[in-house]
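Scroll down for the structure; my scribbles are underneath it.
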Amino acid sequence: MTVKLVARLHVRDYDTFKSVFDEMRPVRQEHGAKNHRLHRALDDRNQVLTITEWDNADQARAFAHSLQLKEAQERAGTDAPSDFTVYEEVEAVTY
């Protein structure tokens, strides 16, 4: 079952966040990440949403609770509590 880990977070500076996010790519891959999508809010360019695809929920949760991610969030300047939720895709329709 493929799942998505959706993370909503706020950072002090997007460019700093993006640099750390890019550095974490090998760590995401080591934990089993297949791909990701990165979004920024239009109203607040430091409000970030990431959607990462995993083969299973255990992989996604292990990454979300990892010490490596916690340390990366500190380096990236996360300035508010982050929200991590694992979702199962139940439908995909292209228009």
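Restriction of the GluC sites (Glu not before Pro) in the range 36-95 to DSSP coil positions whose beta-carbon has at most 15 other beta-carbons within 10 angstrom yields E89, E91. Sort out for me the Cα centre separation of the range 45-95 from the range 25-42, rounded to whole Å. Comparing the Cα centres of the range 45-95 and the range 25-42, I get a distance of 8 Å.
Shown here: percent of Cα pairs over 24 Å apart, derived from the displayed model; of the candidates (i) 61; (ii) 18; (iii) 69, it corresponds to (ii).
Placing dummy labels 7 Å off each Cα toward the beta-carbon, the span from D22 to H10 is 2.6 nm. Secondary-structure-derived ellipticity at 222 nm for the chain, considering helices only, amounts to -10000 deg cm²/dmol, per-run term -39500 (n - 2.57) for DSSP H runs with n ≥ 4.
The angle separating the long axis of helix 14-23 from the principal Cα axis of greatest extent in the chain is about 50 degrees.
Sparse packing (at most 12 other Cβ atoms within 10 Å of the Cβ) combined with a DSSP loop state is found for the following trypsin sites (Lys or Arg not before Pro) in the chain: R12, R45. Counting other Cβ atoms within 10 Å as a rough exposure proxy, the listed residues H65, H31 run H65, H31 from fewest neighbours to most.
Bear in mind that the values in this text are calculations on the coordinates, not laboratory data. All values reported here derive from a predicted model rather than from experimental measurement. Neighbour counts are summed over all protein chains in view; Cβ atoms, including those assigned to glycine, are modelled from backbone coordinates with ideal geometry.
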